[in-house]
Amino acid sequence: MLRITKYMKPFLLMLLVSVGLLFVQADADLTLPDYMSRIVNVGIQQGGVESAVPEALRKSTMDRIFLFLPDGARAEVEAHYKLVGKYTAGYETYLQKYPVLAKEPVYVLTNADKKTVKQLDPIMGKGMLIVFGIEKIESNPAQAKQLMPNMGFDLSKLPPGTDLFALLAKMSASQRAQISTAINQRFATIGGEKAIVQAAAQAVKAEYDALGMNTSKIQSSYILHTGALMLLIALISVIATISVGYLAAKIAAGLGRDLRHFLFEKVMRFSGAEFDRFSTASLITRSTNDITQIQTAMMIMVRMVFYAPIIGIGAIIHALKKSPSMWWTIALAVIVLIGMIVTVFSIAVPKFKLIQMLIDKLNLIMRENLSGMMVVRAFSRQPNEEKRFDAANVDLTKTNLFVNRVFVVVMPVMMLILNGVTILILWVGAHQVAQSTMQVGDMIAFMQYAMQVVFAFLMLAMMFILFPRADVSANRVADVLDTDITILNPPQPRTFPAPFKPAIEFEQVSFRYPDAKEDMLHDINFSIQAGQTIGIMGTTGSGKSTLINLIPRFYDVTGGAIHIDGVDIREVPLEALRDRIGYVPQRSNLFAGTVESNLRYADEHADEATLRRALEVAQATEFIFSKPEGMRTEVSQGGINFSGGQRQRLTIARALIKRSPVYIFDECFSALDYKTDAQLRRALHGYLANRTIIIVSQRVATIKASDQIIVLDEGRVICKGTHHELMETCKVYREIALSQLKQEALL
Ligand code: ATP
Ligand code: MG
């Protein structure tokens, strides 16, 4: 994947935005368990009372609290509460809120901001608890031991109905301090400020009841309010998730589009040398299947692989905040998970690579059979081919089954781990709740965070499945993209002289195919004057096609130079060179479409008369216009609905429409019968008067009339001259000519 990172640059901003959104999503997902714990802790257990600081309390209660507060603390409390009585402004509104006001004055909290509440929480918490506790003892002295075991004197001995507070008020300040120290010690054992606040919340609730406030409304409104907040947070999470999904799809599809675009662009610039490195089928697979793999991996990467560490680390931090003492439960789960993932993947991942290779093999057999269908049938090899395909197919199936069986284990084991951790957390947590060192809601939240950690690991595991595959594909695509194009436009291009004279000169040209051990062409020297026709002849494999492919620079010479009109062809722009050459390849190639669309490939704006004239010269009129649709006749892919000779004539007509100064015909008369061949050549001479023409042919008759004939053998020019000269001087030529002329006589 690293090799294609540079193609991700245009998506960098989108990637960053996605990561930002993932943080939003993670934040929302991590806040939800927290709110849930609040519903349980505050909403249910504390009756919706959030803190130990009551928004209002009876004067009588406050006076009782004051009995136990040191002076500093008392001053702090008095600074934040104001006493409301019958003559206070706004009495009516207060009365509605706190009906007890009709009977006695009420202290009302003047400022309920977070800072004040936090500051007053421990003071009021303890105060409320002491008063609440003593009130309980008053009504039931038997509870005294349980509530305040270290009081120094046994309250349970008092007769029921004793006014404890009157008694306490009569005591000296130091005696009261003694009691409050004893109570404080008791609080220290029940575990921290949080526990005090939670315990005090009960007292606050009782006070609200005494004030005549509707406490069940306070509770339900707290739960509804928190629930609504949770819905809002869930909504934010949903929006973030959808946006990330949208961006991920956009990034992945965009990357796929760009890679395909660059791949196609690159392949279009390939010279023969590069085409020799990659097979056509492989290039097609790379631009489709491989890019799809990358696209899928990219999508999953943005949505899950990036998200996993964010949510995983976040969940661990939040979980530890909720209950630091239970860290080891998560650690245990993570270790077991990693163990499972490593085991499963060390078995499965090597098989993934095997699967890719087996798919390749299956494709190969399928492709070979499809393209070689006729041969398979002609040799009656269907049963063998079927066996070969079956073998590959069964191999692939077996490997796939194996991998899937291994993966079947993952889900149940995962669930087992998840449930095991849940039980463990419940077990450990329940003990802590019993000891009042943890709140129920916090335990539930911890459990949810543990699950998020487990799922984060699962998402990371996805990476192990996708990455090896995507990596193979990315490398295959990068191999094409990183290929150096050997035939390029010159850095400082020259122009052909005007007017252009199509004279061609080969100067000590030698050529070696890439990766070949020996030169294919050796020391080729010849020149063609403007307007001349030359013939190239030679046995099969003597290098004729190789030689003429050098002229339009399908390959570059490896030694010497080729000049056209005195300019080295490597010094002019490729388009300028190729625009001047009409090339008819040895293998005719037509595109899917109509006859007309194929002809117009050479010149989109050619008029009807030009097309007809070209067809006439190419001797194609007869078979085209005998069809009902004429030039609108459909051409199927590769032109297979035309015969070999018809295809050749169509490709010739196509080249003729281009009207270029140089024409190269590579063996393109070979499929024509002698008569058509002769007619075509005659018509060509008229049509292409004054143009330089190179004709490659094995037939002496085709090139006999040329101004010059070059005979090639094993990549060397062995004879050069006119037909008559060669008949005199060149033994090889004479032998070929005589054998063919005899044949001609026979026909
Ligand atoms: P024919 O009359 O059959 O068309 P030819 O004279 O045109 O033959 P070329 O196609 O030029 O022959 O091939 C000459 C030699 O170069 C052959 O021996 C072939 O093996 C080799 N050759 C051709 N194309 C390549 C290639 N792309 N890579 C490596 N070697 C090649
Ligand atoms: Mg050839």
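Throughout, read-outs are computed from the coordinates displayed, never taken from laboratory work. What you see is a predicted model; the values in this text were computed from it and never measured. All Cβ positions, even for glycine, are placed from backbone atoms using ideal geometry, and neighbour counts span all protein chains on display.
Under the rule a/c < 1.5 gives rounded, and otherwise a/b versus b/c splits prolate from oblate, where does region 588-659 land using the Cα gyration tensor?
Note, shape of region 588-659 comes out rounded.
Taking 0.36 nm per intervening residue step and subtracting the Cα-Cα distance, what contour gain separates Met8 from Ala705 on full extension?
So the extension gain works out to 245.0 nm.
Quick one: if the Förster radius is 56 Å, what FRET efficiency do Ser346 and Ala228 give, using the C-beta to C-beta distance and rounding to 0.05?
0.70
Could you list the trypsin sites (Lys or Arg not before Pro) in region 558-634 that lie in coil according to DSSP, counting only those with at most 14 other Cβ atoms within 10 Å of their Cβ?
Answer by residue number: Arg587.
List the Cys residues of the chain that have no partner Cys with a C-beta closer than 4.7 Å.
Singleton cysteines: Cys668.
Using helices alone, I'd like the mean residue ellipticity at 222 nm for the chain: each DSSP H run of four-plus residues gives -39500 (n - 2.57), total over residue count, nearest 500.
Per the formula, -20500 deg cm²/dmol.
Given a cut-off of under 8 Å on Cα pairs at least six residues apart, what relative contact order in percent is computed for the chain?
This gives 13 percent for the chain.
Over 28 Å between Cα atoms, which of Lys59/Lys321; Lys103/Lys217; Lys266/Lys398; Lys266/Lys387; Lys9/Lys351; Lys82/Lys118 qualify?
Lys59/Lys321; Lys266/Lys398; Lys266/Lys387; Lys9/Lys351
So for region 433-555, averaging the separation of alpha carbon pairs under 8 Å that are six or more residues apart and normalising by length, what relative contact order in percent results?
Reported relative contact order: 15 percent.
Considering only DSSP beta bridges whose two residues both sit in the chain, what percent are antiparallel, to the nearest 5?
60 percent
Could you state the angle between the C-alpha long axis of helix 71-80 and the longest principal axis of the C-alpha atoms of the chain, as a value from 0 to 90 degrees rounded to the nearest 10?
Roughly 60 degrees between the two axes.
Expressed as a whole number of Å, what is the distance separating the alpha-carbon centroids of region 617-673 and region 283-353?
Comparing the Cα centres of region 283-353 and region 617-673, I get a distance of 59 Å.
What is region 664-730's relative contact order, in percent, from Cα pairs under 8 angstrom and six or more apart in sequence?
That works out to 27 percent.
For Thr292 and Leu16, FRET efficiency with R0 = 41 Å and r from the beta-carbon atoms, rounded to 0.05?
Between Leu16 and Thr292 the formula returns 0.95.
Compute the acute angle (0 to 90°) between the alpha-carbon long axis of helix 215-269 and the principal axis of greatest extent of the alpha-carbon atoms of the chain; round to the nearest 10°.
Compared with the principal axis, the helix lies near 10 degrees.
Where the centre of each part is set by its Cα atoms, how far does region 533-591 sit from region 451-516, in angstrom?
Each part's Cα centre sits 24 Å from the other's.
Per residue and in cubic angstrom, what volume does the convex hull of the Cα atoms of region 50-214 have?
Dividing the Cα hull volume of region 50-214 by its residue count gives 120 Å³.
Can you work out the Karplus-derived ³J(HN,Hα) for every residue in region 376-389? Use 6.51 cos²θ - 1.76 cosθ + 1.60 with θ = phi - 60°, whole Hz, and x for glycine or proline.
4, 5, 4, 9, 6, 9, 3, x, 5, 5, 4, 4, 4, 5
For Lys353, go through the aspartates and glutamates and keep the ones whose alpha-carbon is under 20 Å away, minus same-chain ones fewer than eight residues off.
Asp290, Asp395, Asp471, Asp479
I need Asp63, Asp442, Asp27 ordered by Cβ neighbour count within 10 Å, fewest first.
Going from least to most buried by this count: Asp63, Asp27, Asp442.
Got a sec to turn the phi values of region 40-56 into Karplus ³J(HN,Hα) couplings, 6.51 cos²θ - 1.76 cosθ + 1.60 with θ = phi - 60°, whole Hz, x for Gly and Pro?
Going residue by residue, I get 5, 5, 8, x, 8, 6, 9, x, x, 8, 7, 9, 7, 9, x, 6, 7 Hz, with x marking Gly and Pro.
Sticking with the crude label model, points 7 Å out along Cα→Cβ, report the distance from Ala576 to Asn404 in nm, one decimal please.
Reported label-point gap for Ala576 and Asn404 is 6.2 nm.
Just how far, in whole angstrom, is region 46-60 from region 64-95 if you go by their alpha carbon centroids?
13 Å
Give me the base-10 log of I(q)/I(0) for the chain at each q in 0.07, 0.11 Å⁻¹, Debye formula, one uniform scatterer per Cα, rounded to two decimals.
So the normalised log intensities work out to -0.74, -1.22.
Cut-off under 22 Å on the C-alpha distance; same-chain residues fewer than 8 positions from Lys544 excluded. Which lysines are left, in chain and number order?
Of all the lysines, those that pass the test against Lys544 - Cα under 22 Å, at least 8 places apart if same chain - are Lys517, Lys704, Lys720, Lys731.
Against the longest principal axis of the chain, how steep is helix 307-322, in degrees 0 to 90 to the nearest 10, with axes from Cα atoms?
That helix lies at roughly 10 degrees to the long axis.
Efficiency by 1/(1 + (r/R0)^6): what FRET value for Val732 and Tyr674, r their Cβ-Cβ distance, R0 = 25 Å, to the nearest 0.05?
Once rounded, the FRET efficiency stands at 0.65.
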